[in-house]
Amino acid sequence: MRWIYELSWLWKSIGIFILIVAICEWCAALIYKGMKKHYGVKAAISVAIVAVILSAICIFMLARTPMPL
């Protein structure tokens, strides 16, 4: 049971990744709708990959800064 608590950072990170990808996909869909273009699968996959990479970089940068007690 203790290993579940030790992996809590993983579940939080996955939740943050999913939230950021959903927000980026929604924004990209609105941009494509505004440009009156078709939002295809290739565009959706590329937006998701970029969003995951950027959110991973942000999480790693935030994890390096110490939290004040």
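FYI, it's all coordinate maths here, none of it is from the lab. Remember, predicted model here, so these are calculated numbers, not experimental data. Virtual Cβ from ideal backbone geometry, glycine too; neighbours counted across all protein chains shown.
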Label point 7 Å beyond Cα of Ile57 along Cβ direction - residues of segment 3-37 with amide nitrogen under 12 Å: none
Calculated FRET value between Glu25 and Thr65, using beta carbons and R₀ = 25 Å, to 0.05: 0.30
Between helix 8-34 and the chain: long-axis angle, C-alpha atoms, 0 to 90°, nearest 10: 10
Filtered trypsin sites (Lys or Arg not before Pro), the chain: DSSP coil and at most 14 other beta carbons within 10 Å: Lys36, Lys37
Cα principal axis extents for the chain, largest first, Å: 50, 29, 15
